[in-house]
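Asks: Let me begin by handing over the structure; questions about it come next.
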Amino acid sequence: MARADASRQRRTFARLEREIDLPNLIDIQRRSFEWLVDTKKGGLRETIDDVSPIEDYTGNLAVVFEDITFDEPVAPISECREKDLTYARPLTVKVAFQNRETGEIREQSVFMGDFPWMTESGTFIINGTERVVVTQLVRSPGAYVMEPKDREKQVFIANLMPARGSWLELEIDKKGKVFVRIDRKRKLPVTVLLRAMGYAEDEQILDLFDNSLYIRNTIEADTEVTRSEEGALIELFKKQRPGEPPSVDNAKALLNQLFFDAKRYDLTRVGRYKLNSRLHLDEDLDTRTLTHNDIIALVKELISLPRELGIPESGEYEEGEPIKDYALEASTMPREPIAERLDEYEHFGNRRLRTVGELIQEAFRIGLYRMERVVRERLTTEDSDTITPQTIINIRPVVAAQKEFFGSSQLSQFMDQTNSLAGLTHRRRLSALGAGGLTRERAPIEVRDVHPTHYGRMCPIETPEGPNIGLIGSLSSYAEVSEHGFVTTPYHVVRDGLVTDEVVRLDANQEEDRTIAQANAEIDPKTNKLKGPQVTCRSYDGELTLAAPKEVDLMDVSPDQIWSVATALIPFLEHDDANRALMGSNMQRQAVPLLKPEAPLIGTGMEFRAAIDTGDVILADHAGTVSYVDAERIVIETGNGNEEHGLEKYMRSNQGTLIHQKPVVE
């Protein structure tokens, strides 16, 4: 019978047992990639369906993309490392060319390039080197109503941000008028946009907004020219396309392109979900462009805030004197009545993760759109009798977009292999930088700061020192990513003071109004109820409060759930100063592995899972007995025959150090 010299019984002095297991630590990478390459309803399928069918300008000829398949890898991982190859699978798409006039259909399988494939350990091998695609932390698409930066000029502002397409910004200025800005261009009265959308009459507009003071003020500011639908359309066109000759038809087409055309505007399902919940709408999640209702609801939300703040709807003080400066008036009033209705960009319910699958999907989409242009031109120019899918499809743009992403994107990084922890942390990293994110120079202090909603989602300790502080973080140990890309953390459900075994995963918005007890709150071992007249809890704004056990809704699952893996490896972390813990978390990743590894005398219980989930140790797939061991392979006899594992010998790491496995079983 084999035994491992390295295994030892460790004694735990923890008062709390770890009741729920950590999720797999590199699932954030693997699950996302599995979603991407699911040939039935994954990310690639979605993107291909977006461009299919490609039609010529008459609509008679079309190219339709059907089934997608991935063939076996071009070469095994070991060979890719030795020969500087990319570990990839050939992607084949069944394509049909249709001539709708004659009813003729020609089908062929078209090779769409080698698609880089993720290894079991969540990395990619590109030209022989191991790379990691870092998860990006971005602002979620949706609607935001906020305090303005300059409180002397504006009362409140609102933004409507899509994932792809034109931004819509609204503001109430100091004269109490509502203005709209599209794509950061010059501002227009909001009534111009509403009239261009078809609400031409003053009465119609006032009815929509219950005769609101701010809409009345805006209508008064309208010029005679813009008081009709045509005039408003032309005014909108002039502001968006200065220098081009305006016409009503061009203006209608422009307005449609800006917000209502699915090819140019995409909220994504996430954006629609956020928009629906923020503005209390009931649109289908597949409605990914704006509707008239969305814009009207956002204006309503914006103009309701000053009223709730206490500014009179008559537009006059009690003495009958008109309000001259609404911004000044609003800035002096306390914010309590509307605090819950104002959004913060830093709130983790308003930031989402773009995981590896989504980032590769975006690169693939760019390549497909470039290819679509070429195909459409060829459909128009070439003879329809000789066209076949093979001759008409040029895969170069698709392959080039993939290469560009893996080779030069800010988020595709050379993997840190100084030690196993460095590699694990790299795969769990969250970056606010990169395409579509922030830049170091322009990132404000608020974005870098720790926010109460980071609790259990992003580690408040582990972040670089220097210009990237707060922009690069690490996923907390128990955190997972929801289907919409929001970070969730687990809690035990508490009912009437009784801590149940039921575990729920909540994102930052879902836990907003709950009272949450700490993992080490005292529990009566017999009844499993929370002890004491009062329990220390945290409330929705991150403040510590005392609550009766019956008022508690949730309870943390572990004291480790706040920290990232690297931080949770520090013994007696609670006695460290936060700045020194930050340095410790970062410096553990710089430790050079020893020739003769020794287990530490004191650990925290995180070591075992951290080591296993890195993928740097070999695990048996099935139970069995070790029948043969030498320096290069281990053979295990199982019920289903022999299972052989090769060891990695004298491999060069990305950092120029040695990766060398030794057997510890006998």
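The values are calculated or read from the model by the stated rules, or taken from the named source; none is laboratory data. All values reported here derive from a predicted model rather than from experimental measurement. Methodologically, a virtual Cβ is constructed for each residue, glycine included, from the backbone with ideal geometry; neighbour enumeration extends over all protein chains shown.
Asks: Identify, from the list 261, 286, 266, the residue that is within 24 Å of residue 343 (Cβ to Cβ), under 30 Å from the mean Cα position of the chain (by Cα) and either at pLDDT 90 or above or not hydroxyl-bearing (Ser, Thr, Tyr) (or both).
Replies: Working: 261 fails: within 24 Å of residue 343 (Cβ to Cβ); 286 fails: within 24 Å of residue 343 (Cβ to Cβ).
Selected residue: 266, the only one of 261, 286, 266 that is within 24 Å of residue 343 (Cβ to Cβ), under 30 Å from the mean Cα position of the chain (by Cα) and either at pLDDT 90 or above or not hydroxyl-bearing (Ser, Thr, Tyr) (or both).
Asks: Right, something else. Take residue 462 and decide whether it is touching a strand residue (DSSP E or B) at 6+ places or on another chain (Cβ under 9 Å), among the acidic types (Asp, Glu) and in contact (Cβ under 8 Å) with a residue 12 or more places away in the chain. I'd like the intermediate steps shown before the answer.
Replies: On the way: touching a strand residue (DSSP E or B) at 6+ places or on another chain (Cβ under 9 Å): yes; among the acidic types (Asp, Glu): yes; in contact (Cβ under 8 Å) with a residue 12 or more places away in the chain: yes.
So residue 462 passes the test.
Asks: When only residues in the stretch 644-660 that are in a loop (DSSP other than H, G, I, E, B) and out of contact with any Phe, Trp or Tyr (no Cβ under 8 Å at 6 or more places or on another chain) count, which is surrounded by the most Cβ atoms within 10 Å (Cβ to Cβ)? Give the derivation first.
Replies: Here is the first cut: in the stretch 644-660, the ones in a loop (DSSP other than H, G, I, E, B) are 647-650, 653-657, 660.
Within this subset, residues satisfying the condition of being out of contact with any Phe, Trp or Tyr (no Cβ under 8 Å at 6 or more places or on another chain) are 647-650, 653, 655-657.
Numbers: 647: 15, 648: 13, 649: 12, 650: 8, 653: 18, 655: 14, 656: 8, 657: 14.
So the residue we want is 653.
Asks: Say whether the condition of being in contact (Cβ under 8 Å) with a residue 60 or more places away in the chain, touching a strand residue (DSSP E or B) at 6+ places or on another chain (Cβ under 9 Å) and charged (D, E, K, R) is met by at least one residue in the stretch 473-480.
Replies: Scanning the stretch 473-480 turns up at least one residue that is in contact (Cβ under 8 Å) with a residue 60 or more places away in the chain, touching a strand residue (DSSP E or B) at 6+ places or on another chain (Cβ under 9 Å) and charged (D, E, K, R).
Asks: Take the conditions charged (D, E, K, R), crowded, with 18+ Cβ neighbours inside 10 Å and part of a helix (DSSP H, G or I) and apply them to residue 365. Does it pass?
Replies: yes
Asks: Within the stretch 401-448, take every residue that is among the aliphatic types (A, V, I, L, M) and surrounded by fewer than 17 Cβ atoms within 10 Å (Cβ to Cβ) and give me the one that is farthest from residue 610 (Cα to Cα).
Replies: The qualifying residue farthest from residue 610 (Cα to Cα) is 445.
Asks: Still on this structure, I have one more. Any residue that is among the basic types (Lys, Arg), modelled with pLDDT of 90 or more and not in a loop (DSSP other than H, G, I, E, B) - is there at least one of those in the stretch 457-479?
Replies: For the stretch 457-479, residues among the basic types (Lys, Arg), modelled with pLDDT of 90 or more and not in a loop (DSSP other than H, G, I, E, B): absent.
Asks: Sticking with this structure for a sec: Could you tell me whether the stretch 186-200 includes any residue that is closer than 30 Å to residue 484 by Cα, part of a helix (DSSP H, G or I) and in contact (Cβ under 8 Å) with a residue 60 or more places away in the chain? Outline the logic, then answer.
Replies: Within the stretch 186-200, the subset closer than 30 Å to residue 484 by Cα is none.
No: zero hits.
Asks: When the stretch 619-633 is examined, which residues are found to be surrounded by fewer than 15 Cβ atoms within 10 Å (Cβ to Cβ) and hydrophobic (A, V, I, L, M, F, W, C)?
Replies: If the condition is that a residue be surrounded by fewer than 15 Cβ atoms within 10 Å (Cβ to Cβ) and hydrophobic (A, V, I, L, M, F, W, C), then 619, 620, 623, 631 are the ones that fit.
Asks: Assuming residue 330 fulfils every condition listed in (1) farther than 19 Å from residue 181 by Cβ; (2) modelled with pLDDT of 85 or more; (3) part of a helix (DSSP H, G or I) apart from one, which condition is it?
Replies: Evaluating residue 330 over (1) farther than 19 Å from residue 181 by Cβ; (2) modelled with pLDDT of 85 or more; (3) part of a helix (DSSP H, G or I) leaves (2) as the failure.
Asks: Still on this structure, I have one more. Condition test on residue 85, is it buried (at least 17 other Cβ atoms within 10 Å of the Cβ) and either outside any strand (DSSP E or B) or among the small types (Gly, Ala, Ser) (or both)?
Replies: Answer is yes for this residue.
Asks: Test residue 516 against the stated conditions and say whether it is out of contact with any strand residue (DSSP E or B) (no Cβ under 6 Å at 6 or more places or on another chain), under 24 Å from residue 474 (Cβ atoms), at pLDDT 90 or above and aliphatic (A, V, I, L, M).
Replies: no
Asks: Further, regarding this structure: Can you tell me which of 307, 341, 272, 335 is among the basic types (Lys, Arg), more than 28 Å from residue 234 (Cβ to Cβ) and surrounded by 19 or more Cβ atoms within 10 Å (Cβ to Cβ)?
Replies: Just one listed residue meets the conditions, 272.
Asks: Please work out which residue is farthest from residue 21 (Cα to Cα), limiting yourself to the stretch 527-584 and to residues that are in a loop (DSSP other than H, G, I, E, B) and of a type in the set (A, V, I, L, M).
Replies: So the residue we want is 548.
Asks: Output the residue which, of all residues in the stretch 207-255 that are among the aliphatic types (A, V, I, L, M) and farther than 18 Å from residue 185 by Cβ, is surrounded by the most Cβ atoms within 10 Å (Cβ to Cβ).
Replies: Looking at the filtered set, the residue picked out is 215.
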